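To start, the structure itself, in structure tokens.
A short reminder: the numbers here are calculations on the coordinates, not readings from a lab. None of the values given here were measured: they were computed from a predicted structure. Cβ sites come from the backbone with ideal geometry, for glycine too, and all protein chains shown count toward neighbours.
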Amino acid sequence: MRNEVDTFQYIVETNKLLRKGGLLLVSEGEEGKPNAMTIGWGFLGTMWSEPVFIVAVRYSRHTYKLMEESNSFTVCLPSKDMEKALAYCGTKSGRDMDKLKEMGLTTKKGKTVDAPYIKESPVHYECKVVYKDEMEEGRLAEHLQSSMYKTKDWHVLYYGEVTGCYAVEEAEDKLA
């Protein structure tokens, strides 16, 4: 059973997993087919006096299409036994396959948003898109632009107001 918890209760674990390159962004477009993408860049904090999770999605990703078709997403913290799924969802495209099915992961509809979350994840954030920022050449510090965007495959930053954070009992013991 999942219980609602304070949005920032797992902020240390969330940031640790981001640095390790391992959270799952789940989105669902107009076709109603959920997709998971591994993310290593993001930010959980406060904007406009609200809790906000910012995620970065490249234009070239299948997830970009789904995010543009939806107004919500979830961010799922992986359990210790999800390393293979993290690697898979970070290297395969949802255009070509059902990554969740391939990895034996199940989704459930969010409690406060339309986007689903991964049931096997011990903690998840539900987010409603309240703003997006499309990155452009020349607006980022040159040392970052030259190292991170050599191919000019920019990100769109999606600001998701956190409408709920949910965790299973003893989630700390289950996190990767």
**Prompt:** For segment 164-175, in order, what is each residue's ³J(HN,Hα) by Karplus, 6.51 cos²θ - 1.76 cosθ + 1.60 with θ = phi - 60°, in whole Hz (x at glycine and Pro)?
**Reply:** x, 10, 10, 9, 7, 4, 6, 4, 4, 6, 9, 6
**Fill in**
Karplus-derived 3J(HN,Hα) from phi for segment 50-55 (6.51 cos²θ - 1.76 cosθ + 1.60, θ = phi - 60°), whole Hz, x at Gly and Pro, runs 10, x, 9, 10, 9, 10
**Complete:** With the 8 Å Cα cutoff and a minimum separation of six or more residues, segment 2-174 has a relative contact order in percent of 29 percent
**Fill in**
Rounded to the nearest 0.05, FRET efficiency between Ser146 and Asp81 (Cβ-Cβ, R0 35 Å) equals 0.35
**Asked** To the nearest 0.05, how large is the calculated FRET efficiency for Glu31 and Thr91 if R₀ is 22 Å and r is the Cβ-Cβ distance?
**Response** 0.45
**Request:** Round to a whole angstrom and tell me the spacing of the C-alpha centers of segment 67-128 and segment 1-47.
**Result:** 9 Å
**Request:** Please build a GNM for the chain, connecting alpha carbons under 10 Å apart, and tell me which residue among His155, His143, His62 fluctuates the most.
**Result:** His143
**Item:** Extended-chain gain in nm, criterion 0.36 nm per residue less alpha-carbon gap, Lys111 and Tyr59
**Value:** 15.9 nm
**Complete:** Hull volume per residue for the chain, using the convex hull of the C-alpha atoms, in Å³ is 114 Å³
**Item:** segment 118-133 - phi-based ³J(HN,Hα) in whole Hz, Karplus 6.51/-1.76/1.60, Gly and Pro as x
**Value:** 8, 4, 6, 7, x, 9, 9, 10, 9, 10, 9, 5, 10, 6, 9, 10
**Asked** Cα gyration tensor of segment 49-106, axes a ≥ b ≥ c as square roots of the eigenvalues: rounded (a/c below 1.5), prolate (a/b > b/c) or oblate?
**Response** oblate
**Fill in**
So, over other residues within a Cβ distance under 15 Å of Thr14, counting Lys, Arg +1 and Asp, Glu -1, the net charge is 0
**Fill in**
Residue separation between Trp48 and Arg19 times 0.36 nm, minus their alpha-carbon distance, gives in nm 7.9 nm
**Message:** With +1 assigned to the C-beta of every Lys and Arg and -1 to the C-beta of every Asp and Glu, and no other charges, what is the dipole magnitude of the chain about the Cα centre in debye, to the nearest 20?
**Reply:** 480 debye
**Request:** With runs of 4+ DSSP H residues as the only contributors, calculate the mean residue ellipticity of the chain at 222 nm using -39,500 (n - 2.57) per run, divided by the residue total and rounded to the nearest 500.
**Result:** -5500 deg cm²/dmol
